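Enquirer: After the structure tokens below, expect a handful of questions from me.
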Amino acid sequence: MKPTICYTLPSCKNCLKCIRACPTEAITLKNNEIKIDQKKCIDCDMCIESCDSRGLKITNEHLTETLSQYDYRVILVSTSIFSDFKNFGEAKKMFKAIERLGFDEVVQYSDIEGALYMESMHQIENENSLKISSFCPTINRLIKQNYPTLVDNLLPFNYPVEVAAKKVRDRLLDHYGKVGIYSLCECVGKMTLAKHPYDNEDSFIDHAMSVSHIFPKINRLKNEDEADLRISQEGIQSVVSDFYHFAQGTRPVVSISGIDNVKKVLELAEFGHMDEIGLLGLFACYKGCIGGYFLWSNPFIGRLNIDQMVGHSTHQLALLDNDDYFKEHELIDEEHISMKEKMQRFKKISEVLSTLPQFDCGACGFPNCRALAEQIVDNEADDSYCRVKRRDDHAD
């Protein structure tokens, strides 16, 4: 897949904030330029939020350049966008404005999100082991990369937006020529699910755009006309992290939001310290999907807005077959590195690490000494990057 987050500054101020913010040590500073390791990047946007110089940006689509490619155009609007509306009437006006961008159909899929949430609750009732539910691509990438022993604990559900895209494509298959499906996203992670501009050819979604990218256009097109909206209560509430606490069932459910908190609980789960829990509901964004980077309302106000939307919702859920939402786990180790090779690499890294000061100061441009040691083993750097070691050698 193509990189999602790109570095755009001709030179860096060397503040190292993005390096410290990255939860997977994917960012380094070499020759005064930020480098992002695409194998380690989980598209969490924490580096973008930390960059005061706005030197990191997200690859986005130009809507007007693509609409003419299709005979029929559908846009899928994320359920969490409802957290940005103060009332249901405003939501209906904004959905009508989205249609005026050039779409034949605007689809919100809260009924699918609600159905998948309820299915998560149903699944754990028949299990004796810990299960993990996350409809967040960022969290799933984090688990597959840093906590592979927990992959089998993940409920094998597809993403709600992918389920919605598949159902739309199936419905329109025999009625129109070339159908273009767009996804309006609240976060970086969900944008990466699309074919364009990210080369995810397995997706049913053609194009992804951020809410903030097209919001100015939507706002200008808004008037008193309203779209016909029917929203699902379970779906609207499921994008808020604390909704999991209201689950009705015999197995305990715990919801965690925010990358740092998620990492802590996954570390506990790896060592069996969460086995009494039936289900972990994990969100990369604070307070759930309503904390998405592209939404304009803060998650605290967003939580209040969601409560108001509940009064206009129904308990209608999408009717889904297993084939609609079940998917196989992706391969964890695409390079097929043997355990013996991994242990040899680990030994080399440990040997190099023992020669470094292990202050983890970050002055070398790497997140910590271990990250530098990995780069030295991979012949991507040498110990001259370590300023502390250079100073001590010079003193001798």
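The values are calculated or read from the model by the stated rules, or taken from the named source; none is laboratory data. Predicted, not measured: the structure shown is a model, and the values here were computed from it. A quick note on method: Cβ atoms are made from the backbone with ideal geometry, for glycine too, and the neighbour counts reach across all protein chains shown. When the accessible area is computed, the model is the full protein with side chains, heavy atoms only, and any ligands, DNA or RNA have been set aside. Shrake-Rupley method; radii C 1.70, N 1.55, O 1.52, S 1.80 Å.
Enquirer: Can you name the residue in segment 295-310 that is under 16 Å from Phe243 (Cβ atoms) and in contact with a helix residue (DSSP H, G or I) (Cβ under 8 Å, 6 or more places away or on another chain) and is also most open to solvent (accessible area, probe 1.4 Å) among such residues?
Expert: Top of the filtered list is Gln308.
Enquirer: Being out of contact with any Leu (no Cβ under 6 Å at 6 or more places or on another chain), acidic (Asp, Glu) and modelled with pLDDT of 90 or more is the filter here, so list the residues in segment 175-220 that pass it.
Expert: Selection gives Asp206 alone.
Enquirer: Quick check on Tyr159: is it closer than 22 Å to Gln38 by Cβ, among the aromatic types (Phe, Trp, Tyr) and surrounded by 23 or more Cβ atoms within 10 Å (Cβ to Cβ)? Reasoning before the result, please.
Expert: Values: closer than 22 Å to Gln38 by Cβ: yes; among the aromatic types (Phe, Trp, Tyr): yes; surrounded by 23 or more Cβ atoms within 10 Å (Cβ to Cβ): yes.
Yes.
Enquirer: Going through Ile34, Ile42, Ile5 one at a time, which residue ends up being in contact with a Phe, Trp or Tyr (Cβ under 9 Å, 6 or more places away or on another chain), surrounded by 15 or more Cβ atoms within 10 Å (Cβ to Cβ), among the β-branched types (Val, Ile, Thr) and within 21 Å of Tyr198 (Cβ to Cβ)?
Expert: Ile34
Enquirer: Another one. What's the total number of residues in segment 139-156 that are within 15 Å of Leu280 (Cα to Cα) and of a type outside the set (Ser, Thr, Tyr)?
Expert: Number of matching residues: 11.
Enquirer: While we're on this one: Find all pairs meeting these conditions: Cβ atoms under 6 angstrom apart; at least six residues apart or on different chains; first residue within segment 114-142 and among the β-branched types (Val, Ile, Thr); second residue part of a helix (DSSP H, G or I).
Expert: Ile132/Asn153; Thr138/Gly189
Enquirer: Scanning for something in contact with a helix residue (DSSP H, G or I) (Cβ under 7 Å, 6 or more places away or on another chain), at pLDDT 95 or above and basic (Lys, Arg), does segment 77-94 turn up at least one residue?
Expert: The answer is no, given that none of the residues of segment 77-94 is in contact with a helix residue (DSSP H, G or I) (Cβ under 7 Å, 6 or more places away or on another chain), at pLDDT 95 or above and basic (Lys, Arg).
Enquirer: Identify all residues within segment 46-78 that are touching an Asp or Glu at 6+ places or on another chain (Cβ under 6 Å) and either acidic (Asp, Glu) or open to solvent by less than 10 Å² (accessible area, probe 1.4 Å) (or both); write none if there are none.
Expert: Within segment 46-78, Val74, Ser78 qualify.
Enquirer: Quick one: how many residues across segment 273-298 are over 12 Å from the mean Cα position of the chain (by Cα) and not aromatic (Phe, Trp, Tyr)?
Expert: 14
Enquirer: What residue, among those in segment 86-118 that are open to solvent by 40 Å² or more (accessible area, probe 1.4 Å), charged (D, E, K, R) and part of a helix (DSSP H, G or I), is nearest to Val168 (Cα to Cα)?
Expert: Only one residue tops the list, namely Asp111.
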